[in-house]
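Student: Can you keep this structure in mind? I'll have questions shortly.
Rule-based calculations on the coordinates, nothing more; no lab input. Note that this is a predicted model, so its numbers are computed, not measured. When we count neighbours, we look across all protein chains shown, and the Cβ atoms used for this are built from the backbone with ideal geometry, even at glycine.
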Amino acid sequence: MTPSNPAAEARARALGLAPHPEGGWFRETYRSSERLAAALLPARFGGDRALSTSILYLLGAGERSRFHRLRADEVWSHHEGGVLHLHLLEPEGPRVLELGPATPQQVIGHGTWFAAEPAPGTEYVLVGCHVAPGFEFEDLEMATRAALLAQHPAHHDLVVRFTPEVEDPTCP
């Protein structure tokens, strides 16, 4: 499996990126060797965590990440390429954040459903995603179409666009 266009594929290969379960391409670049004890963390975390983690994440034109949410806040930083749209489903309704040269950093608060896609005309976008306390795959919740449609029926088209029709049982 490779990204959807030659420029994205070349960049993903050069950086040693692998497919991410939510969509797109990634490689962990940092995991703090220091740990936070579970007793020091909010109850939503099920155990000790690294102080912080960081990945490189790439989406090519036509690719998107599925709606998902994390137990920790996530800081997104633009590195290269075009503009990325971050689609958030918040209690007051959907919101789109732009990440790119003009807006090089955005924050997604913990527990927020969100998905991402390159803006029209973007060949690819490379970002850094920084999580504190550090990311563990058990902290990733992938949205199901049925559950999100039940929570956000007024946003049917957006939910359908960023959730698979059939759930992948191997996806966390």
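Student: E74 - would you say it is within 14 Å of V107 (Cβ to Cβ) and without any contact (Cβ under 8 Å) to a residue 40 or more places away in the chain? Break it down into steps so the answer makes sense when it comes.
Tutor: Numbers: within 14 Å of V107 (Cβ to Cβ): yes; without any contact (Cβ under 8 Å) to a residue 40 or more places away in the chain: no.
No, not satisfied.
Student: Checking A132 against (1) within 15 Å of the chain's Cα centre (by Cα); (2) among the small types (G, A, S); (3) crowded, with 19+ Cβ neighbours inside 10 Å: exactly one of these is not met. Which one?
Tutor: (3)
Student: Looking only at region 135-160, how many residues end up being among the small types (G, A, S) and surrounded by 20 or more Cβ atoms within 10 Å (Cβ to Cβ)? Before the answer, list the steps.
Tutor: Within region 135-160, the first condition is being among the small types (G, A, S), and the residues that meet it are 143, 146-147, 150, 154.
Now restrict to residues that are surrounded by 20 or more Cβ atoms within 10 Å (Cβ to Cβ): 143.
Total meeting the criteria: 1.
Student: Here is a check on your reading of the model: is F45 closer than 19 Å to D139 by Cβ, of a type in the set (F, W, Y) and in contact with a Phe, Trp or Tyr (Cβ under 8 Å, 6 or more places away or on another chain)?
Tutor: Numbers: closer than 19 Å to D139 by Cβ: yes; of a type in the set (F, W, Y): yes; in contact with a Phe, Trp or Tyr (Cβ under 8 Å, 6 or more places away or on another chain): no.
No, not satisfied.
Student: Give me the strands (runs of 3 or more DSSP E) completely within region 88-155, filtered to those with at least 1 residues that are aliphatic (A, V, I, L, M) and closer than 23 Å to L41 by Cα, ordered by residue number.
Tutor: Correct list: 105-108, 124-132, 140-142.
Student: Condition first: surrounded by 14 or more Cβ atoms within 10 Å (Cβ to Cβ), over 16 Å from E80 (Cα atoms) and without any contact (Cβ under 8 Å) to a residue 60 or more places away in the chain. Now tell me which residues in region 5-22 satisfy that.
Tutor: Selection gives H20 alone.
Student: Also, quick follow-up: Out of curiosity, is L88 in contact with a Lys or Arg (Cβ under 7 Å, 6 or more places away or on another chain) and surrounded by 13 or more Cβ atoms within 10 Å (Cβ to Cβ)?
Tutor: yes
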